[in-house]
Each structure stands twice: as C-alpha cells, then as structure tokens.
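Everything below concerns the one structure shown next.
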Amino acid sequence: MTAASVNPDTSALATFPSLADIRATADRLAGKILATPVWRWQTGAAATRLAPSTEVWLKLELFQTTGSFKLRGALNCVEALDADAKRRGIVAASAGNHAIAAAYAARIAGTSATVVMPRHASPLRIATCEGFGAKVVLVPNVHEAFAGAQALVADEGRTMIHPFDGPLTTLGTATVGLEFMQQVPQLDAVVVPVGGGGLISGIAAAVKQLNPQCRVYGVEPFGADAMVRSFQAGEPVKLDAVDTIADSLGAPYALAYSFGVCRQFVDEIVRVSDDDLCRGMHDLFIDMKLAVEPAPAAAVAALFGPLKARLDGKRVGLVMCGSNIDAARHAELLARGKPA
C-alpha cells in the first residue's frame, strides 16, 4: 500500500483545545450524552499475560448512546449550527459509527441527515441510521463516501459533519479523556484506537494537559495506517487503499487539524494485524463478555503486542470505542481469534 501527501492547512496545526474549552464542552453536552463507566480488567489474559503489578482499566465508551464515542463529536458539531444551517440539514460520510451518531444528533437537534456509506457497511449500522430518520446513500467504497458527501454539500447546501477532523469534533472527543482521567487518576498510559485521528486527538489533548507524564499511544491496523504514515512523513498523507476488518478505523487519509493535535500530544502510534484484532475481540469476550467490534480490540492487541514491554507494571487505560456489530459478524471474527 502506498501513500500520497495531502497538502496540510498549516494554520490549523498550531491550535488545540484548551482545558477550559474541554470542560466547557463537557458541561454543554452533559445530559445529552452518557458519562460512560470504567472497569478494571483483572481476569484471564490480563492476569496471566501481564506483570502482576499491571493495572488495566477499560473506558467503556461502547456503552455510549448510539454504541460508540462518535456521538460526542457529532452532537457538538450539530449543536453549533445556526437556524439556517439546521434548516438545510447535515450530511456525513462513514462506514457506520459516525453515520449513526450524525443521524441521532440530527434527530435530537431537529434537523435532517443524509449519510453516505460504503456498500460493505454492516446491515445493522445501515438499519440503525434509517431508524434514526436519516436518508442512507450507499456507494462502492469509503473514498467515494467522502466524495459523495461533499457533493451533497455543494448540491443541497447541507453542512458536512466530518467524522474525525476539526476543532468541534476534537473538543467532543476530548470529553472522553477528561472523564477517564477523573475516573482513574494517575494513569501511566492511555491506549487509543486510531482511524482518522478524531478520537485520539481529543483524548490526548485532555490527558496531556491534565497529566503531562501520562503516555498516549495510538493503534492502527496495518491495512489502514494513515496516521502512522503521516507521522513518518511529517504531514498528512492519503492512502491508495484501505484493507482491514476494522471498518471503523478505515479512514483513507489524515487531515490537518487532527494530525496537528496528534503531533502536539500523542507520543507514538503502533500498528497491529487483523488477526491481532480478532484475538483482542476474543479476549474481551471471554474475560468480560464484551461484544465489541474490531476497533476497540486494537487497544488490547497493542497491550499484548507492540506495547507490552513498555506497559508491563504500569497503570494503563484502554479506550473501548464502539460495539456496533451484528451477531453473525461478531461470531465469525470471534472464531478467527480463538487460540489454536
């Protein structure tokens, strides 16, 4: 897989959410989103494969309304629209979680939503979007989903609610980091799955401003590693193709704002394989009965894989970002992750 440079808006790279802005966002969203719980992983894989002094804490954002963290950013963006923009409606491009969040946010904000999704998107996710009242447009792949959404901005005057880039999106996701640091003080490290960078940019901004000593690690699949390649290039890059079971992490490119915030606050991004994701799903299901999609399992795969030596004996937070997966697909991937 090759990558091409995307010319960044360098003016965006110098800005990032302040703690005051993050706290104000959390206050504004209170009562409209859930403050999701945390759980300490003390059994099975965590007990047998890590040093005894290691603490592993899961931020269970999969229990968020709409089943993923995406609601925080989407709702923050939709609520910022003026009356005229709400009259014209919104549009979103997504393989599912952001589409669901945008559809729900539009409904509670009193506006209309069109979501453009790749045809391979889970039927469960498509049906959920339709259930929230959104019009669903299906296209061949995620690249065409973004192009189709931009066309609707031009043709219908809709506002694009971006799945991972922009100050309002990052402020929304920063509330995950704010909550986590309040719930589990003095974490040594936080491990965050990475798609386009919207989740990790917000979490890292909150974590590093609250505790600069806490390490923030991102995790991408090898087949969707735009942020790793962007870090290597020193600027956002675009992938020629995306190939991973973790469709929630399948962003085809990085963009200036989220990339800039990540460069400011993220310590490192590592990569894991699709087989690693399946093993992580299996561990979470067997040990805690969490039925997650592949994306949250990226944090688990990194804990037991490329980050293990650095995290053994540490107090570690893993972000469980979503659970919108149908039973048949979950069973298929769980079987793939079962130890031989």
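Here is the figure for segment 189-229: residues that are assigned to a loop (DSSP other than H, G, I, E, B) and in contact with a Pro (Cβ under 7 Å, 6 or more places away or on another chain) total 1. Taking segment 39-156 and the helices (runs of 4 or more DSSP H) fully enclosed by it, the elements with 1 or more residues that are within 21 Å of the chain's Cα centre (by Cα), closer than 30 Å to Gly305 by Cα and among the aliphatic types (A, V, I, L, M) are at 70-79, 142-156. Only residues that are surrounded by fewer than 23 Cβ atoms within 10 Å (Cβ to Cβ) and within 19 Å of the chain's Cα centre (by Cα): list them for segment 297-323, please. Matches in segment 297-323: Ser323 only. Going by what's in this entry, would Ala12 be described as of a type in the set (Gly, Ala, Ser) and either at pLDDT below 95 or under 17 Å from Leu187 (Cα atoms) (or both)? Spelling it out, Ala12 is indeed of a type in the set (Gly, Ala, Ser) and either at pLDDT below 95 or under 17 Å from Leu187 (Cα atoms) (or both).
Residue-level check: of (1) in contact (Cβ under 8 Å) with a residue 60 or more places away in the chain; (2) of a type outside the set (Gly, Ala, Ser); (3) surrounded by 21 or more Cβ atoms within 10 Å (Cβ to Cβ); (4) over 28 Å from Ala302 (Cα atoms), Val116 misses just (1). Number of residues in segment 119-138 that are crowded, with 18+ Cβ neighbours inside 10 Å and touching a Gly at 6+ places or on another chain (Cβ under 7 Å): the value is 3.
Scanning segment 226-248 turns up at least one residue that is closer than 16 Å to Val319 by Cα, within 18 Å of the chain's Cα centre (by Cα) and assigned by TED's automatic domain parsing to the domain that holds Leu62.
Candidates are the residues of segment 272-305 that are assigned to a loop (DSSP other than H, G, I, E, B) and in contact with a helix residue (DSSP H, G or I) (Cβ under 8 Å, 6 or more places away or on another chain); the one that is farthest from Val56 (Cα to Cα) is Ser273.
Among the β-branched types (Val, Ile, Thr), modelled with pLDDT of 95 or more and closer than 20 Å to Val207 by Cβ - does that describe any residue in segment 276-295? No, that holds for no residue. Residues in segment 230-271 that are in a loop (DSSP other than H, G, I, E, B) and among the aliphatic types (A, V, I, L, M): Ala241, Val242, Ile245, Ala246, Ala251, Ala254, Leu255, Val266.
The values are calculated or read from the model by the stated rules, or taken from the named source; none is laboratory data. Being a predicted model, the structure only gives us computed values, none of them experimental. Ideal geometry is used to build each Cβ from the backbone, glycine not excepted, and the neighbour counts take in all protein chains shown.
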